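Novice: I'd like to ask you about the structure that follows.
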Amino acid sequence: MSRVLYAALLSAGALRCAPGNAAVHEFHLENGLRLLVKEDHRAPVVVSQVWYRVGSSYEHDGITGISHILEHMMFKGTEAHPGNAFSRLIADAGGRDNAFTSTDYTAYHQQFAREHLELSFRLEADRMQGLLLPEQELARELKVVAEERRWRVEDSPHSFTHERLRAAAFQVSPYRYPIIGWMQDIESTTTRVLRDWYRRWYVPGNALVVVAGDVRPEAVRDLARRHFGALPGGRAAPAAHPLKEPPQQGIKRIKVRRQAELPYLVMAYKAPTLTVLRAADAADPKQEEREQEQEQEIFALEVLAGILDGGDSARLQERLVRGRAVAAGVGVGYDPYDRLDTLFVFTATPAPGHGAADLEAALREEIDALHREEVSAEELARVKAQVVAGHVYERDSLFYQALQIGALETVGLSWKEGELYPERIQAVTAEQVRAAARKYLVDDRLTVAELEPLPVAEGSRPRPPAGGGAGHGGGVH
C-alpha cells in the first residue's frame with residue numbers, strides 16, 4: 001500500500017466518511033430486549049442479527065458444547081414453523097441465514113432485501129420462545145455434532161493442538177473449554193438439560209437484536225415491538241465471569257503427538273482485554289485513571305500484533321520466513337474484546353530442515369528484540385496505517401457493521417468502542433509497545449504446545465486446521 005493511501009486512511013476526513021460511522025439508534029423494549037439499528041442506504045438490503053449472551057465460557061464441566069448444540073437445534077422447528085421451515089422461508093424470500101457460537105455469545109443472522117425484515121423478526125421471535133426440541137431430532141443432531149468435532153478437531157492436528165493448549169493454559173477460566181465441547185459431554189447431552197439451557201438464556205432480557213441496512217430506525221423499532229414485545233423477559237447474563245485465573249508460576253509446556261505431516265508450534269501468553277479492564281473500572285471508580293493507562297496497553301498489544309504479523313512486510317514474515325527461512329508459516333493472534341482475559345498467540349510451522357525448537361528460539365529472539373528496543377517511527381506509522389485500514393475496509397460490509405456492534409455489546413462493551421478504535425490505535429507510542437511486550441510477553445504468562453508428528457497412515461491425510469468457533473452449516477469465526 002502506498003504512503004499516499006496510508007495518509008488518506010489516517011486522516012480524520014477519511015474516517016468520518018467511512019460508511020460504518022453512521023449513528024447507531026438504540027431502543028429498549030419493556031421486556032428487556034435491546035434493539036440497535038444502523039442506517040446504511042447504499043443498497044436496498046438489510047442484515048438482521050439476534051445475539052444471545054451465552055457461549056462456551058458460560059458452561060461448566062459436564063455440559064461443555066451445550067451452547068453450540070442448542071444453536072443446531074434452533075433450526076429444527078417450532079410448532080408454528082416445524083422442521084426446516086425457518087431456513088426454507090428465508091430462502092424463498094431470496095435471503096441467506098446462518099448462525100455461529102463463540103466463547104462469549106451465540107448469534108443468528110439473515111441478509112435479504114429490506115422488505116423482508118419483518119419475516120426475520122417474526123421467525124426469530126417464534127423460536128425465541130417456541131422451540132420444540134424433539135428427542136429423536138436431538139439424537140440425530142448429536143451425531144452430527146460429534147462428527148463435526150471429529151472433522152474440525154480430532155482429525156485436524158493443528159486444531160487439536162490449539163484445543164489442548166487452551167486447556168493447559170487456563171486453570172480456572174472457562175476459556176479452557178472448547179466451543180464445540182468435549183466428546184463425552186456432546187454424547188451425554190439430554191433433552192432436559194438442553195431445554196433448561198434454552199429457557200435460561202434464550203429470553204428477551206438476555207438478547208440483543210442488531211439491524212443494519214436500508215431501514216428507518218423508528219420503523220424497525222415498531223416491528224420489534226410488534227413481534228418481540230409480548231415475549232416474557234427473563235434475566236440478562238452477568239457482565240463478567242466471577243472466577244479469576246490465578247497467577248502463573250513459570251512456563252507451561254505440553255507435547256501433542258498426532259498423525260501429521262509437519263511439526264507445529266504454538267506459544268500463548270496470557271493477556272488482558274478491554275472488557276475486563278472496563279468491568280474493574282466500573283466496580284471501583286477510584287481506579288479510573290489507572291485503568292485508562294492500562295487500557296492503552298490493550299491497543300499497544302494490537303499494534304504489537306501488527307508489527308509481528310501484519311502482512312508481507314511484518315517482522316516475522318520478513319525475518320523468519322523469507323530471511324532466515326526457519327519457518328514455512330508464522331502468525332500472531334490477539335482479540336482485545338474477549339469477555340475474559342485471553343491469549344496473545346504465536347503459531348508457526350517449520351521450514352524443511354528445522355523443528356519446533358528452532359522455531360521457539362527464533363520467536364524468542366524477536367520477542368527479546370521488542371523488549372530491548374523501541375519500534376522505529378517509520379515502522380510504527382506503517383503498522384498503525386495497516387491496522388486502521390483493515391478496520392475501515394471491514395466496516396464497508398453491512399454484515400461486519402452489525403457483527404461489530406453485536407459482538408461489542410454482547411461482551412459488555414459499547415458499540416461506540418468500534419468508532420473509537422482508529423483513534424486509540426493512533427495514540428499508541430513506541431514506548432507503550434515496548435512496555436506491553438516487556439509486561440505481557442514473559443515466561444510467567446507463557447504456555448507452549450508442540451505438535452510432534454506421527455507417521456501418517458497410508459490412505460489417510462490429516463485435515464487442515466478448522467475455524468476457532470462453531471457454526472450451523474459453517475458459521476462466522
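Coordinate-derived values only; no laboratory data. Quick caveat: nothing in here was measured; it's all calculated off a predicted structure. Virtual Cβ from ideal backbone geometry, glycine too; neighbours counted across all protein chains shown.
Novice: Taking neighbour Cβ counts within 10 Å as the exposure measure, how do Thr273, Thr64 sort from fewest upward?
Specialist: Ordered from fewest to most neighbouring Cβ atoms within 10 Å, Thr273, Thr64 come out as Thr273, Thr64.
Novice: Further, regarding this structure: If you add up the charges near Ala427, with Lys and Arg at +1 and Asp and Glu at -1, over every other residue whose beta carbon is less than 11 angstrom from its beta carbon, what do you get?
Specialist: Numbers: positive: Lys384, Arg424; negative: Glu295, Glu423.
Taking every Cβ under 11 Å from that of Ala427, the sum is 0.
Novice: Can I ask one more? Cα centroids of region 339-373 and region 67-98: how far apart, whole angstrom?
Specialist: So the separation of the two Cα centres works out to 43 Å.
Novice: About the Cα centre of the chain, how large is the charge dipole given +1 on each Lys and Arg Cβ and -1 on each Asp and Glu Cβ? Please answer in debye to the nearest 20.
Specialist: 500
Novice: Got a sec? Charge dipole of the chain, +1 on Cβ for Lys and Arg, -1 for Asp and Glu; which of Ile179, Leu380, Gly311 is way out at the positive end?
Specialist: The Cα lying farthest towards the positive end belongs to Ile179.
Novice: Shifting gears a bit: A 23 angstrom limit on the alpha carbon distance is what I want to check against. Which of Lys38/Lys76; Lys38/Lys416; Lys384/Lys416; Lys244/Lys416 exceed it?
Specialist: Cα-Cα > 23 Å for Lys38/Lys76; Lys244/Lys416; rest within.
Novice: Could I ask something else about it? ³J(HN,Hα) across region 427-433 via Karplus (A = 6.51, B = -1.76, C = 1.60, θ = phi - 60°), whole Hz, x for Gly/Pro?
Specialist: For region 427-433, the Karplus-derived couplings read 7, 5, 9, 4, 5, 5, 5 Hz, x marking Gly and Pro.
Novice: Please list, in order along region 249-256, the HN-Hα scalar couplings obtained from phi with the Karplus expression 6.51 cos²θ - 1.76 cosθ + 1.60 (θ = phi - 60°), rounded to whole Hz, x for Gly and Pro.
Specialist: 10, x, 6, 9, 10, 9, 10, 10
Novice: Here is a follow-up. How large is ³J(HN,Hα), in whole Hz, for each residue of region 72-77 in order, when computed from phi with the Karplus curve 6.51 cos²θ - 1.76 cosθ + 1.60 and θ = phi - 60°, using x for Gly and Pro?
Specialist: Using θ = phi - 60°, the values come out as 4, 5, 5, 9, 9, x Hz.
Novice: Sorting Thr347, Thr106 on the 10 Å Cβ count, fewest up front, what's the list?
Specialist: Starting with the residue having the fewest Cβ neighbours, the order is Thr347, Thr106.
Novice: Moving on. Let's test the formula: R0 of 30 Å, r as the Cβ-Cβ distance of Arg114 and Gln136. What FRET efficiency results, to the nearest 0.05?
Specialist: Taking R0 as 30 Å, the efficiency between Arg114 and Gln136 is 0.20.
Novice: Further, regarding this structure: Between region 377-404 and region 200-266, how far is it from one alpha carbon centroid to the other, in angstrom?
Specialist: 23
Novice: Can you give the extra length, in nm with one decimal, that the chain gains between Asp443 and Ala325 once fully stretched, where that is 0.36 nm per residue apart less the Cα-Cα distance?
Specialist: Stretched fully, the Asp443-Ala325 segment lengthens by 39.9 nm.
Novice: If amide H atoms are built 1.01 Å from N in the plane of the peptide, which residues on other chains or at least 5 residues away come under 5 Å of the amide H of Asp40?
Specialist: Gly213, Asp214, Val215
Novice: Placing +1 on the Cβ of each Lys and Arg and -1 on the Cβ of each Asp and Glu in the chain, which of Gly55, Val433, Ala457 has its Cα farthest towards the positive end of the resulting dipole?
Specialist: Result: Ala457, furthest along the dipole toward the positive end.
Novice: Starting from the Cα of Ala427, step 7 Å along the direction of its Cβ; do the same at Ile254; then give the gap between the two resulting points in nm.
Specialist: Calculated label separation equals 3.7 nm.
Novice: Okay, next question. By count of other Cβ within 10 Å, fewest leading, how are Tyr264, Tyr175 ordered?
Specialist: Values: Tyr264 26, Tyr175 23.
Neighbour counts put them in this order, fewest first: Tyr175, Tyr264.
Novice: Next question. Using helices alone, I'd like the mean residue ellipticity at 222 nm for the chain: each DSSP H run of four-plus residues gives -39500 (n - 2.57), total over residue count, nearest 500. Walk me through the numbers on the way to the answer.
Specialist: On the way: 17 runs with 200 residues, N = 477.
Taking each H run of at least 4 residues, the total per residue is -13000 deg cm²/dmol.
Novice: Now for a different question. Once you have the Cα-Cα distance between Lys244 and Ser414, take 0.36 nm times their residue separation minus that, and quote the gain in nm to one decimal. Don't jump to the answer; show the numbers that get you there.
Specialist: Values: separation 170, 0.36 × 170 = 61.20 nm, distance 2.30 nm.
Answer, rounded to one decimal: 58.9 nm.
Novice: For the pair Gln292 and Glu187, how long in nm is the line joining their label points, each one 7 Å along Cα→Cβ?
Specialist: So the label points at Gln292 and Glu187 sit 5.6 nm apart.
Novice: Length gain on complete extension for the stretch Ala93 to Ala361, per 0.36 nm per residue less the alpha carbon to alpha carbon distance?
Specialist: Between Ala93 and Ala361, full extension yields an extra 90.9 nm.
Novice: Quickly work out the Asp312-to-Val456 label distance, labels modelled 7 Å from Cα along the C-beta direction, and quote it in nm with one decimal.
Specialist: 2.8
Novice: What is the antiparallel percent of DSSP beta bridges lying wholly in the chain, to the nearest 5?
Specialist: Details: 50 of 64 bridges.
About 80 percent, rounded to the nearest 5.
Novice: A follow-up question, please. Check Arg258: other-chain or 5+ apart residues with amide H under 5 Å from its amide H, H built from backbone geometry?
Specialist: Close amide H contacts, sequence-distant or interchain: Glu452, Leu454.
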